[in-house]
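Below: the structure, in C-alpha cells.
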Amino acid sequence: MKILVTGGAGFIGSHINKLLLDQDHLVTVIDDLSKGDQCLVDPRADFHQIALENQTELEKILPGHDAIIHMASFIEVGESVKKPVEFAQNNIVGTVKLLEAMKNTKVKRIIFSSSACVYGVPKKLPITENDPLGEQENPYGITKITMEEFCKLYHNLFNFDVTILRYFNPYGPGELHEPETHAIPNLIKAALEKKPLPVYWKGEQIRDFIFIDDLARAHILALTLSGFHIYNIGTQTGNKIIDVIKKIFGIIGYEVPIDDKGERKGDVPVLVASSEKIKKELGWSAKVNLDEGLRKTIEFFKTHRF
Ligand SMILES: NC(=O)c1ccc[n+]([C@@H]2O[C@H](COP(=O)([O-])OP(=O)(O)OC[C@H]3O[C@@H](n4cnc5c(N)ncnc54)[C@H](O)[C@@H]3O)[C@@H](O)[C@H]2O)c1
C-alpha cells in the first residue's frame, strides 16, 4: 500500500515509517520539523517538509495514497496551557485542513493518533473504549477530543474510513522530545547521568506503558479497516512509577537518589487500558513486557547523546 504519515519525523512516526517500509509499503512522510528531526526519517521514505496547514501543498502530494496515518500534532501538555491558540491552530485547524485535502483528492482512509488523556480521570478500570470521555484540564486534551470528532464527522458526512487509536503511555528508543515531559525517558536519562530522578506524587501514579514496537504494529493492522473504529492501545497492566524506577535501577546496576517534586496539578492518578476490543477484532496484543522494553530503551540512551 502507499501510506502517507504526517508527523513522521517524530518519535512514534519514525518507528511506524520503518515498520511500514520493512513490510514493503511505500511511505510518504510529511512533517514541518517544528518538533521532530529529519534524521529520524528512514531514508527509504519520500520526505516532504510541509505543515498540515499548507492545504495546497498537501493536495499536490496526497493523490494516489491508500491511507493516511495522522500523527502530526503539538503534544506537550504544559506548553498547551501557555499557548492554547497555537495548539488549537496547529492541531485542530491542521487536522481539518488535512481532512479537507483528503476529501478533495479522494483519499478516504485515516488512522488517527489519539490519547488516553481523552478519558480524563477514569471512573473505573481498566478503561474501555465505551467509557465516557472525561473533563480536560489542558488545551492539549481538548485538541485531541476535537481532532477525534472531526475525523468522525468526515466518516459520517463523507464516508471516510476512520480508525482512532488511543495510545496509553508509549515509550522506547528514539524518544527525544524537547522538552521531554514523559516519565520513562526522563528517569532513564537522569539515572544514566547519575543525577537525582525527578519524581512526582512519590512515584505512586500508575500508568500503562506500551512499548513503541507494539504500538507501531497496531497501525499496520488498522491500514485495511473500513468504517469507523476506536481502539485503546495499552498492555492492560498498570505499573507504579516507583516500581518502574526499581526496574531501571535493576537494569543499570546502581541506584541514584530521588528528587521529590511533590504533586503536579492535572495529573491523573491511574490509567490502565482494556485492550480486549483490539485483541478480539484485530488479534493485536502487546508482546513486549516492561522489563524487556526498559532494557531496549536504556540501551538506546546509553549510546545516544542527549
Ligand atoms: N508520545 C506520547 O506519549 C503520546 C501519547 C499519546 C498520543 N500521542 C500522539 O502521538 C502522535 C505522535 O507523538 P510523538 O510522541 O511522536 O510526538 P513528536 O513531537 O515526536 O512528533 C510529532 C511530529 O509532528 C510534527 N508536527 C507537529 N505539528 C505539525 C504540523 N502542523 N505540520 C506538520 N508536522 C507537524 C512535529 O514536527 C513532530 O515531528 C501525536 O499526535 C501525539 O498526540 C503521543
Restricting to Cα pairs under 8 Å and 6 or more apart, the percent relative contact order of the chain works out to 18 percent
Excluding residues fewer than 8 positions from Lys296 in its own chain, the aspartates and glutamates with Cα under 15 Å of it are Glu175, Asp213, Asp214
In this structure, the FRET efficiency calculated for Lys246 and Phe158 from their beta-carbon separation, with R0 = 41 Å, to the nearest 0.05, is 0.25
The alpha-carbon center of the range 137-165 and that of the range 230-270 are separated, in whole Å, by 29 Å
With Cα coordinates, the longest principal axis of the chain makes an angle with the long axis of helix 241-252, in degrees rounded to 10, of 80 degrees
With bins of 20 Å, the percent of all Cα-Cα pairs of the chain per bin from 0 is 34, 60, 7
The base-10 log of I(q)/I(0) that the Debye equation returns for the range 95-177 at q = 0.27 Å⁻¹, one scatterer per C-alpha, is -1.27
For the range 90-188 the GluC sites (Glu not before Pro) that pass both the DSSP coil test and the at-most-16 other-Cβ-within-10 Å test are Glu135, Glu180
Nearest 10, in degrees from 0 to 90: the angle of helix 94-105 to the longest Cα principal axis of the chain is 30 degrees
The range 75-138, Kirkwood Rh and Cα Rg, ratio Rg/Rh at 1.06
Loop-resident GluC sites (Glu not before Pro) in the range 206-303 with no more than 15 other Cβ atoms inside 10 Å, DSSP not H/G/I/E/B, are Glu255, Glu263
Using eta = 1.002 mPa s and T = 20 °C, Stokes-Einstein with Kirkwood Rh from Cα pairs puts D for the range 109-237, in µm² s⁻¹, at 131 µm²/s
Amide H proximity to Gly134 below 5 Å, modelled H, separation 5+ or other chain, gives Tyr119, Gly120
Helix-only [θ] at 222 nm, the chain, -39500 (n - 2.57) per DSSP H run of 4+, per residue, nearest 500, equals -11000 deg cm²/dmol
Distance in nm between Arg264 and Val121 label points, each 7 Å along Cα→Cβ, equals 1.8 nm
Per GNM of the chain with C-alpha springs under 10 angstrom, the most fluctuating residue out of Thr146, Thr28, Thr224 is Thr224
Unit-weight point scatterers at every alpha-carbon of the range 20-140, Debye formula, q = 0.10, 0.11 1/Å: log10 I(q)/I(0) is -0.38, -0.46
Counting all Cα-Cα pairs in the range 221-306, those more than 22 Å apart amount in percent to 49 percent
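Each value in this text was obtained by applying a stated rule to the coordinates, not by laboratory testing. Computed from a predicted structure; not experimentally measured. Note: ideal-geometry Cβ built from the backbone for every residue, glycine included; neighbour counts use all protein chains shown.
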